[in-house]
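Report on one structure; see the data block that follows.
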Amino acid sequence: DEVNNAPHVLSAQDQDILASLFPNTINTNFCLLAPASGDRQASSEPLRVGVVLSGGQAAGGHNVICGIFDYVKRVNPASTVFGFLGGPHGVFSHEYVELTEAIIDKYRNMGGFDMIRSGRHKIETDEQKQKSLEICEKLQLNGLVVIGGDDSNTNAAILAEYFKSKGSSTSVCGCPKTIDGDLKNRFVEISFGFDTACKTYCQQIGNLMRNAMTGGNTYHFVRLMGRSASLITLECALQTHPNYTFIGEEVMAKKQSLRQLVEALVDLVEARYAKGKQYGVVLLPEGLIEFIPE
C-alpha cells in the first residue's frame, strides 16, 4: 500500500474557532490509502505503535487492534504494538503491555474490549498530556491509535495538537468507534459497532412484539442507545416496524413540547384500543429529552 497526500480538509463550519484551538494540526493534509503502484515498496523500517481503547464496547474493537498488529508485522516482523491498559488512564499512568501474536490470536473476531480493557477517562490536564508524551517518547512510538467515539476522537485531536506543539515524532490518530453511529461523513461511511448493536436490539424488540401480541394487554417502551443521535432508534424502527417511534431530531425540528409527545402516545393508545388492540411497542432514543425545546 502507499499513502497519497491530498489538500487538507476543512470543517464545514466553525473554521476560525478550530484554527484557534488547533493551530499546529488544522492544516494537516488528508491522506488516501491506495494500492502501491509498480515496484514501489513500503518502508521496511520497524514500526512501534501504541493502541488504546476508550469508552463503551463495540463489536469489532479487537479486530481493529488485530488489523494494526498484522499490518505493522507485514511491514517489518520486528515491528511492535503496545496496548495501553484500562483506557486513556493507562496512557498517562504508563500502564501497558506488549501485544504478542499469542495474545492477538486469542481475540480475533471476538467481541468485548477485554484484550486491554477500556475506560472513560480523558487526557485533559497539562500534567496528563505531559505524562502521555513521556511514555510515547520512552517507547519510541511512531504512532498512537485512540479507538473511541466522539469524545475520544476529540481527545485524540487535542493530544495530537499537544504532541505537535512539543515537536514529538509520535503521530496520534483516532479510529471511529461508536454504536450510536454518529461519527460519519463523506470519508467515514459508518462507525464500527453500529450494525451489530442494531441487529442485537432488533432481535430483542421482535421478542417484545411477540410477547405483547401474546398477552394482548401490554405496552412495551424500549429506550435505545443514542445520547445525542437517534440513528439506532431509526434503524431499529425500519427493521422491526413498531407501533410508534420517537426520533429526537424530528422532535427538535418540529419544536414539539413534552405535552405534544404525551398527547401523541395517548392518541395512539386510544386508536388501537378502538380496534381491539390493547398492546403495542414504542421506541425512543435515550437522549430524547435533550431534543425537547423546553
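Remarks
- Of the listed requirements (1) over 30 Å from G226 (Cβ atoms); (2) free of Cβ contacts under 8 Å to residues at least 60 places away in the same chain; (3) part of a loop (DSSP other than H, G, I, E, B), N24 misses just one: (2).
- Filter pass, I17 being out of contact with any strand residue (DSSP E or B) (no Cβ under 8 Å at 6 or more places or on another chain), within 30 Å of R227 (Cβ to Cβ), of a type outside the set (K, R) and at pLDDT 75 or above: yes
- In segment 248-289, the residues that are surrounded by 19 or more Cβ atoms within 10 Å (Cβ to Cβ) and under 23 Å from S191 (Cβ atoms): G248, L283, L284, P285, L288
- Odd one out for A229 among (1) modelled with pLDDT under 95; (2) under 24 Å from N109 (Cα atoms); (3) not assigned by TED's automatic domain parsing to the domain that holds V64: (2)
- Given (1) within 20 Å of the chain's Cα centre (by Cα); (2) on the phi < 0 side of the Ramachandran plot, number of the condition G112 does not satisfy: (2)
- From the options M225, M252, M213, residue that is touching a Pro at 6+ places or on another chain (Cβ under 7 Å) and hydrophobic (A, V, I, L, M, F, W, C): M252
For (1) of a type outside the set (F, W, Y); (2) surrounded by fewer than 19 Cβ atoms within 10 Å (Cβ to Cβ); (3) in contact with a strand residue (DSSP E or B) (Cβ under 7 Å, 6 or more places away or on another chain), each residue gets a yes or a no:
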| site | (1), (2), (3) |
| --- | --- |
| F113 | no, no, yes |
| S118 | yes, no, yes |
| H121 | yes, yes, no |
| T125 | yes, yes, no |
| K131 | yes, yes, no |
| L141 | yes, no, yes |
| V146 | yes, no, yes |
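- Residue match in segment 220-233 (condition: in a helix (DSSP H, G or I) and surrounded by fewer than 21 Cβ atoms within 10 Å (Cβ to Cβ)): no
- Of the helices (runs of 4 or more DSSP H) lying entirely inside segment 49-131, not one is found with 3 or more residues being assigned by TED's automatic domain parsing to the domain that holds V172, modelled with pLDDT under 95 and in contact with a Gly (Cβ under 9 Å, 6 or more places away or on another chain).
- Of the residues making up segment 141-183, those that are of a type in the set (A, V, I, L, M) and either in contact with a helix residue (DSSP H, G or I) (Cβ under 7 Å, 6 or more places away or on another chain) or within 21 Å of T196 (Cβ to Cβ) (or both) are L144, V145, V146, I147, L159, V172, I179, L183.
- If you go through segment 33-48 and pick out every residue that is at pLDDT below 90 and either part of a loop (DSSP other than H, G, I, E, B) or over 23 Å from C66 (Cβ atoms) (or both), you end up with 10.
- When segment 266-286 is limited to residues that are over 35 Å from the mean Cα position of the chain (by Cα) and of a type in the set (V, I, T), the one that is nearest to N211 (Cα to Cα) turns out to be V269.
- The set of residues from segment 65-75 being aliphatic (A, V, I, L, M) and surrounded by 18 or more Cβ atoms within 10 Å (Cβ to Cβ) comprises I65, I68, V72.
- Annotation note: of T218, T245, the sole residue that is at pLDDT 95 or above and either more than 26 Å from the chain's Cα centre (by Cα) or assigned by TED's automatic domain parsing to the domain that holds D180 (or both) is T218.
Results for (1) surrounded by 16 or more Cβ atoms within 10 Å (Cβ to Cβ); (2) among the basic types (K, R); (3) closer than 21 Å to V266 by Cα, shown as yes or no for each residue.
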residue: I179; (1), (2), (3): yes, no, no
residue: F192; (1), (2), (3): yes, no, no
residue: K199; (1), (2), (3): no, yes, no
residue: R210; (1), (2), (3): no, yes, no
residue: N217; (1), (2), (3): no, no, yes
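- Among residues of segment 159-170 that are buried (at least 20 other Cβ atoms within 10 Å of the Cβ), those with a Cβ under 7 angstrom from a residue that is in a helix (DSSP H, G or I) and of a type in the set (S, T, N, Q), sequence gap 6+ or separate chain, pair up as L159/S132.
The values are calculated or read from the model by the stated rules, or taken from the named source; none is laboratory data. Model, not experiment: these values are computed from the prediction. For neighbour counting, all protein chains shown are included, and Cβ atoms are generated from backbone atoms with ideal geometry for every residue, glycine included.
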